[in-house]
Amino acid sequence: MKQNEAREYDGSSSDDDSDNSSEISFSCSMTNNHHDSADDSKSEDKPIMENYDPKLEKTLNTLTVLIKSKKRSSVNEVYVDIPPRKKVRGSYNKEIENEIIYNEQECLDALMSADFNDLMSDNDYEKFYLDDFIFYDSVDNEVVDMFPEKSTDRTIFWDGNIVEGVKNMSCKGAIFKTFSISGFGLEESNIEVMIQSNLNDKVWYMLRTPQSMYHDIWIAFLWKAHLVKYVLDYLYNNPDVLFEDFRFGFFEWISNHRKDDNIFQNWLSEVNGNTDFRSVVANNMHLIWHEAYNLGEDYSRLPFFTDEYCPAKYSCIDGQNRIEKTVVTPKVYNWFHDLFPDLLQPIVPISESECVPFIYIQDDDEFRKINHRGKLLFENSLEEPHCFEQVTVDGMTLKVGDTVEVAPTDGSTDGRWFCMITTFIKGGRNGLFRLLWLYTRRQTILRKLDKDVSINKSRELFFSSNCECEEPWPIENIIRKIDVHFGKSSCPGYLDYSFFCRYQYSHETEDSFISFHPGLLPKEDGLICGCKRPEPNYYEEFIEKYNVNDCILLPPLKGDILDLYTICCIERFDLEKKTVWLRRFYRWSETSVKRPKSPINEILYSDYIFEFNKFQHVVCFCHVEFVKYGKKIPVNLQHRGAGNHFYFSRKYDRITRTIHPIKSESQQLSVNFPKYSFKIGNTYKLKCLDLFCGGGSLGRGFEDAGFTHCQWQAAIKTYRHNIQHDDIDILNQSVNNILSDAILGAPDARVPSKGDVEIILAGSPCQGYSYMNRQRHNLKAKRNNSLVASVISFVDYYHPRYLLLENVRKITSSEVFYRLIGCLLELGYQLHFGVVSADRMGCSQRRYRMFLWGAAQGEVLPTMPPVTHKGLKKETLEAYTSFPMISIKDHISDLPPIGEGDIWYPSFPDHRTYQMSLRTKEILRRIPTFPPARDYYYARKHKFIPDIHAVPSYDAKLIKFPKVSHLYRYCQRIDPNGLFPTICTVMRPSGYYPEAVHYKEPRMVSVREAARAQGFLDSDILCGTVGDQYKIIGNSVPRNVAFSLGLQLGRALSDTNHENAANAFQDN
């Protein structure tokens, strides 16, 4: 655009025009001053801002009920502080005498000549100044941002004083069309923001001073506008720049070119020292693209905007509406095709090796049915009185370790019963025997299979530790010997007595299938079942397991917090006295010093050392590392204590009861308590394929634990921008394409080859299994459900050493889950599954998820991570934990207030939320903040929400179902001392989990607050619109949980039994 220089603006109202912009301050909305500005707006703009609804009684708009201490009053009191509504009622102070208000056409007619358009060339425009401006919507007159991220059908209006020289005209109700930012280029220091007239394209209004109620919104927008200038200047002068260059390159470049620019220095101060601008840029891409597009192809066609991973598009979620079939392997198709008819597409690998059948010939007479007649002959007595190693009956010799079929004692008809003999006892009527049970498929959780398609289902048995040592069985219950091929995956033919056993089944605490180990078979001293194990020597186990400087958890010592473990370090062993000397660490809560604002897993070093010999009370190992005071803590310590990871930087003096930073001892302490990254050193990292990784929390949590390297990801942009290494292949395509390319040998070099993948992580879409999804039975939901079969197909093709699957808890009650179990067992995987609650791993969220571990034959199967944090009192089962529950207030109270979501902070660029309708705002303003967790119905009951703001559908539901009113919650506040409900992909004030309203402010939970509840770090980048960001967060696995699971993988890899298991597998 070219400015028309014919008209001069030298009036007094213009003052210094644009020169006064050098004194721009961005700090108003970046501090708590917005409270003051809101208060000022009440007094200064009474004719403009509607502090109450004129249709209501005044008491309903200004209601404030003060809180009194519950200890002093038995009355249940309610606190409702209704904030003023930012609603435009008129343009200017009508108390000013002779104030005249015009529409835009009248203003232009008075300020411009009739032949204006004829005198202007195509590139010229007329510029006026606009003071005391404000923008609001067309329906509710609600104050709005002039360029909202999400487009709306509502028209935006503006009011303001149009200034030309000495002329000043008050304009009301002008329609907002578009805006433009000028001042680009290194030679320019300041910017101008102008809006275009809706009546004349050649007329522009330069925005100068807003109305006081619009001040905070304008200051935030002005900061963003400067961001746009600096970003586009950087891109224009560095054409090859990509989004990743904003990690460090942008700050270095812009700081070097504007080191003497006061406006820039003032602007930069609002990011609180942050030098990584990717998150700020990602959260303002709609504004950056708007200006780049308007400036032409010199900007819009820069590589930055055409980069595959640039968040330029408003949505970073691949929103395909077409329902495509799920690609699977033939084996998986056989298991799932009838559950998902017409939704699976089997692809046969180019070359598929056939298994050589196992051939074995056995004497039939040895396995005939036993005729229990005649006298029993007991032989080879054992040390235990009346116990023998073998017995002869009906001419057949039975020995300890033989496998037999037995007749049920209770007349059960639930299939055949099998067991292994552990001891013969000379007693009873005709002799007794102790046994270990061997289960059939129908006697494990596989009985829940609606359809068992396993080829050898009638031939497979499962070893167990379930014995009958206390109640021996009569020998006469033995029907016959059977031939069990241990460690094999098949048996010859369909002989009635021939079986195979490759898994041990455990059902005592949780269902798991573990590879059968030859060590379980009887040795020279006989078979030892679980109840016959010798008493453990706790001291010997302790000195074998732990070393000096290792840290352990103990039950609370005398004077400790009653429900939290005590953290100690091993100083030395006393082998003569069989004791150990421990150094005690203290928690902040165990001292009289007020805790500073520090992570919950910071503990205090001390000189208190004591002797200890109660080794049976040792709970487990914990990690403690020394971090120099003032230094940034490493990522393993940023998960709020998940995995029992602690650190210290300060020392507690028990005598003076003071705490001070550690300086003089830091060098030695760094050796004794090294970094976690140093401890794991050059540990081999499994090459990982991360499927359905979304925001990347699952894979990144595993990488934080240090035992995996996520080399291949079926990822979106958010994942790409948060990785910390370059040797990675982003597979930016559907899992169907990736699997078909792999199976058919497509030339894409990024797709891993068979044998490369060592672990698969997958959190397949869960919406189809979640009861929170009302559309879980439609075609799209079924297709999402079928993606479980896709995950198993990846496992079938790549056959990794390990796999971890994640989904909602409810999947364990579905047919799909047990088909998944059966299919993985047929593929030869050991399995272990359980439900993990996120709040027990350091998240302030009630989120229950099923995790399924799988391990190939010869690997040690990982277990579920231990509980480290307290939960809600009614849900806490553990007597002791390492940490107390982390409440919502603990997690998000340090974030600055954002009112109704109309205040924005550069230092927290994704601390934002949806724009709400006026009705929703009116309701949220009236939901009490005390008592906590109150909702719409509570406010209606206490008459805080009048009929004019009521929602008929909400009221009708309560009238129709009065007996289940507690099940319905609308616009419910979260409890600051409680936990978030499950963070979902959409943050709405109604539905199954409506606890999405901030505990104090009249708004929904922000993106950053939801991200914290899901374990995202504040440094993580979230791409896309607000809706996209909520979706990314809701679909993620909490990173705290992923970190804890990754540590369990590390323990399995370093298990002393790992090598033995591998050797045993190879021998068989």
Q.
Checking Arg480 against (1) of a type outside the set (Ser, Thr, Tyr); (2) modelled with pLDDT of 90 or more; (3) surrounded by 17 or more Cβ atoms within 10 Å (Cβ to Cβ), only one condition comes out false. Which one?
A. (3)
**Q.** Positions within region 872-902 being touching a residue at least 24 places away in the same chain (Cβ under 8 Å), surrounded by fewer than 20 Cβ atoms within 10 Å (Cβ to Cβ) and in a loop (DSSP other than H, G, I, E, B), in sequence order
**A.** Leu872, Ala879, Tyr880, Pro884, Ser887, Ser893, Asp894, Leu895, Pro896, Pro897, Gly899
Q | The lone exception for Arg657 - which of (1) under 26 Å from Thr881 (Cα atoms); (2) surrounded by 12 or more Cβ atoms within 10 Å (Cβ to Cβ) it fails | A | (2)
Q | Criterion violated by His832 - all others in (1) over 17 Å from Leu1047 (Cβ atoms); (2) not in a helix (DSSP H, G or I) satisfied | A | (1)
Q) Can you tell me which residues in region 680-701 are outside any loop (DSSP other than H, G, I, E, B) and either modelled with pLDDT under 85 or among the charged types (D, E, K, R) (or both)? A) Lys687, Asp690, Arg700
Q: List every residue pair whose Cβ atoms lie under 8 Å apart, where the two residues are 6 or more positions apart in sequence or sit on different chains, the first residue falls within region 970-986 and is not assigned by TED's automatic domain parsing to the domain that holds Leu895, and the second residue, located anywhere, is part of a strand (DSSP E or B) and charged (D, E, K, R).
A: none
(Q) Here's a check for you: in region 181-212, which residue that is among the charged types (D, E, K, R) and in contact with a helix residue (DSSP H, G or I) (Cβ under 9 Å, 6 or more places away or on another chain) is surrounded by the fewest Cβ atoms within 10 Å (Cβ to Cβ)? (A) Glu188
(Q) I'm trying to understand the selection: among the residues of region 258-307, which are of a type in the set (Gly, Ala, Ser), closer than 20 Å to Leu186 by Cα and touching a Leu at 6+ places or on another chain (Cβ under 8 Å)? (A) Ala292
Q) In region 267-290, how many residues are assigned to a helix (DSSP H, G or I) and within 23 Å of the chain's Cα centre (by Cα)? A) 5
Q) Within region 1010-1029, can you find the residues that are under 21 Å from Ser887 (Cα atoms) and either crowded, with 24+ Cβ neighbours inside 10 Å or among the basic types (Lys, Arg) (or both)? A) Ala1010, Ala1011, Arg1012, Ala1013, Gln1014, Gly1015, Phe1016
Q. From Ser458, Ser454, Ser464, which residue is surrounded by 17 or more Cβ atoms within 10 Å (Cβ to Cβ) and not in a strand (DSSP E or B)?
A. Ser454
Q) Tyr205 passes all but one of (1) closer than 24 Å to Thr1025 by Cβ; (2) assigned to a strand (DSSP E or B); (3) over 39 Å from the mean Cα position of the chain (by Cα); which number fails? A) (1)
Q.
From the list Leu446, Leu438, Leu432, exactly one residue is within 14 Å of Val406 (Cα to Cα), in contact (Cβ under 8 Å) with a residue 40 or more places away in the chain and within 46 Å of the chain's Cα centre (by Cα). Which is it?
A. Leu438
**Q.** Filter pass, Val986 being more than 19 Å from Gly701 (Cβ to Cβ) and more than 15 Å from the chain's Cα centre (by Cα)
**A.** no
Q) Going by the conditions given, is Leu852 part of a loop (DSSP other than H, G, I, E, B) and assigned by TED's automatic domain parsing to the domain that holds Ile821? A) no
Q.
All but one of (1) closer than 28 Å to Asn283 by Cβ; (2) assigned to a loop (DSSP other than H, G, I, E, B); (3) assigned by TED's automatic domain parsing to the domain that holds Leu553 hold for Asn636; state the number of the condition that does not hold.
A. (2)
Q: Those residues that are aromatic (Phe, Trp, Tyr) and more than 23 Å from Ser1019 (Cβ to Cβ), I need them from region 248-263; list them, please.
A: none
Q: Inspect region 808-815 for any residue being in the same structural domain as Gln733 (by TED's automatic domain parsing), acidic (Asp, Glu), at pLDDT below 95 and at negative phi and give the result as yes or no.
A: yes
Q: State which residue pairs qualify: first residue closer than 19 Å to Glu625 by Cα and inside region 539-559, second residue of a type in the set (A, V, I, L, M) and exposed (fewer than 14 other Cβ atoms within 10 Å of the Cβ) in any location, beta carbons under 9 Å apart, and separation of 6 or more residues or different chains.
A: Asn549/Val671
Q.
Can you say whether Ala1010 is assigned to a helix (DSSP H, G or I) and either at pLDDT 95 or above or within 21 Å of the chain's Cα centre (by Cα) (or both), as far as the supplied structure shows?
A. yes
Q: Return the total of residues in region 145-166 being part of a loop (DSSP other than H, G, I, E, B) and either surrounded by 20 or more Cβ atoms within 10 Å (Cβ to Cβ) or modelled with pLDDT of 75 or more (or both).
A: 8
Q.
Condition check: among the β-branched types (Val, Ile, Thr), in contact (Cβ under 8 Å) with a residue 24 or more places away in the chain, at negative phi and surrounded by fewer than 15 Cβ atoms within 10 Å (Cβ to Cβ). Does Thr683 satisfy that?
A. yes
Q. How many residues does region 383-398 hold that are surrounded by fewer than 16 Cβ atoms within 10 Å (Cβ to Cβ) and either farther than 13 Å from Ile370 by Cα or outside the structural domain of Gly427 (by TED's automatic domain parsing) (or both)?
A. 4
Q. Restricting the first residue to region 480-497 and requiring it to be within 21 Å of Leu824 (Cβ to Cβ), which pairs with a second residue that is modelled with pLDDT of 85 or more and assigned to a loop (DSSP other than H, G, I, E, B) meet a Cβ separation below 8 Å and a spacing of at least six or different chains?
A. Phe486/Phe516; Gly487/Phe516; Ser489/Gly828; Ser490/Arg459; Cys491/Arg459
Q: Just give me the residues in region 850-871 being under 23 Å from Cys620 (Cβ atoms) and either surrounded by fewer than 22 Cβ atoms within 10 Å (Cβ to Cβ) or among the small types (Gly, Ala, Ser) (or both), in sequence order.
A: Ala855, Glu859, Leu861, Thr863, Met864, Pro866, Val867, Lys870, Gly871
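Return the residues of region 544-580 that are in a loop (DSSP other than H, G, I, E, B) and of a type in the set (A, V, I, L, M); say none if nothing qualifies.
The answer is Val548, Leu557, Ile561, Leu562, Leu575.
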Q: Take Val328 and decide whether it is modelled with pLDDT of 90 or more and closer than 30 Å to Asn785 by Cβ.
A: yes
(Q) Suppose we filter region 92-140 for residues that are in contact with an Asp or Glu (Cβ under 8 Å, 6 or more places away or on another chain), part of a helix (DSSP H, G or I) and at pLDDT 75 or above; how many remain? (A) 1
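The values are calculated or read from the model by the stated rules, or taken from the named source; none is laboratory data. Because the structure is a prediction, the values reported are computed rather than measured. When we count neighbours, we look across all protein chains shown, and the Cβ atoms used for this are built from the backbone with ideal geometry, even at glycine.
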